[in-house]
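Below you'll find the structure, written out as structure tokens, and then a few comments.
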Amino acid sequence: QVQLVESGGGLVQAGGSLRLSCAASGSIFSINAMGWYRQTPGKPRLLVALITNERNTNYADSVKGRFTISRDNAKNTVYLQMNGLKPEDTAVYYCNVRVVVLTTMRDYVYWGQGTQVIVSS
């Protein structure tokens, strides 16, 4: 009922920047929190950044001051601007969106398909 399409991952040198995007579409009444998580092989998926519909934000300590999360409600899109990238930021990044579905008026959490970010030293 709801689809998330991520884009913007890739290969970048340490110190560089990338901007991830995640667009939600489908049977959407409203979107509450939107966030980004990341995962490396053999490790759990961890929160990177979160933004509420009041635009309150929360960041993992490891990315504070380097990453910025934002959202465009008109486009149902969340962004993650990543600056000062480090090799330890290498991971698959997943967007996570909490949606009130139009057809049921119930709250569901959806995940994007993941986008690979590789930071070379």
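Can you tell me how many residues in region 69-84 are open to solvent by less than 50 Å² (accessible area, probe 1.4 Å) and closer than 13 Å to Gly15 by Cα?
Of the residues in that region, 2 qualify.
Just checking, which of Glu88, Glu54 is assigned to a helix (DSSP H, G or I), free of Cβ contacts under 8 Å to residues at least 60 places away in the same chain and among the acidic types (Asp, Glu)?
Glu88
Among residues belonging to region 93-110 that are of a type outside the set (A, V, I, L, M, F, W, C) and in a strand (DSSP E or B), point out the one that is most open to solvent (accessible area, probe 1.4 Å).
First pass over region 93-110, keeping only residues of a type outside the set (A, V, I, L, M, F, W, C): 93-94, 96, 98, 103-104, 106-108, 110.
Filter once more, keeping what is in a strand (DSSP E or B): 93-94, 96, 98, 106-108, 110.
On the way: Tyr93: 0, Tyr94: 37, Asn96: 21, Arg98: 106, Arg106: 153, Asp107: 66, Tyr108: 78, Tyr110: 44 Å².
The qualifying residue most open to solvent (accessible area, probe 1.4 Å) is Arg106.
Being hydrophobic (A, V, I, L, M, F, W, C) and either out of contact with any strand residue (DSSP E or B) (no Cβ under 8 Å at 6 or more places or on another chain) or under 16 Å from Leu46 (Cα atoms) (or both) is the filter here; which residues of region 83-121 pass it?
Ala91, Val92, Cys95, Val97, Val109, Trp111, Val117
Could you tell me which numbered condition Arg66 fails, if it satisfies all but one of (1) surrounded by 13 or more Cβ atoms within 10 Å (Cβ to Cβ); (2) touching a strand residue (DSSP E or B) at 6+ places or on another chain (Cβ under 6 Å); (3) at pLDDT 95 or above?
With (1) surrounded by 13 or more Cβ atoms within 10 Å (Cβ to Cβ); (2) touching a strand residue (DSSP E or B) at 6+ places or on another chain (Cβ under 6 Å); (3) at pLDDT 95 or above applied to Arg66, the lone miss is (2).
Of the conditions (1) closer than 18 Å to Val12 by Cβ; (2) open to solvent by less than 40 Å² (accessible area, probe 1.4 Å), Pro87 fails just one. Which one is it?
(2)
The values are calculated or read from the model by the stated rules, or taken from the named source; none is laboratory data. Everything numeric in this text was worked out from a predicted model, so none of it was measured. Heads up, the Cβs are rebuilt from the backbone with ideal geometry, glycines too, and the neighbour counts pull from every protein chain shown. Ligands, DNA and RNA are stripped out before the accessible areas are found, and what is left, the full protein with its side chains, is counted by its heavy atoms. Shrake-Rupley method; radii C 1.70, N 1.55, O 1.52, S 1.80 Å.
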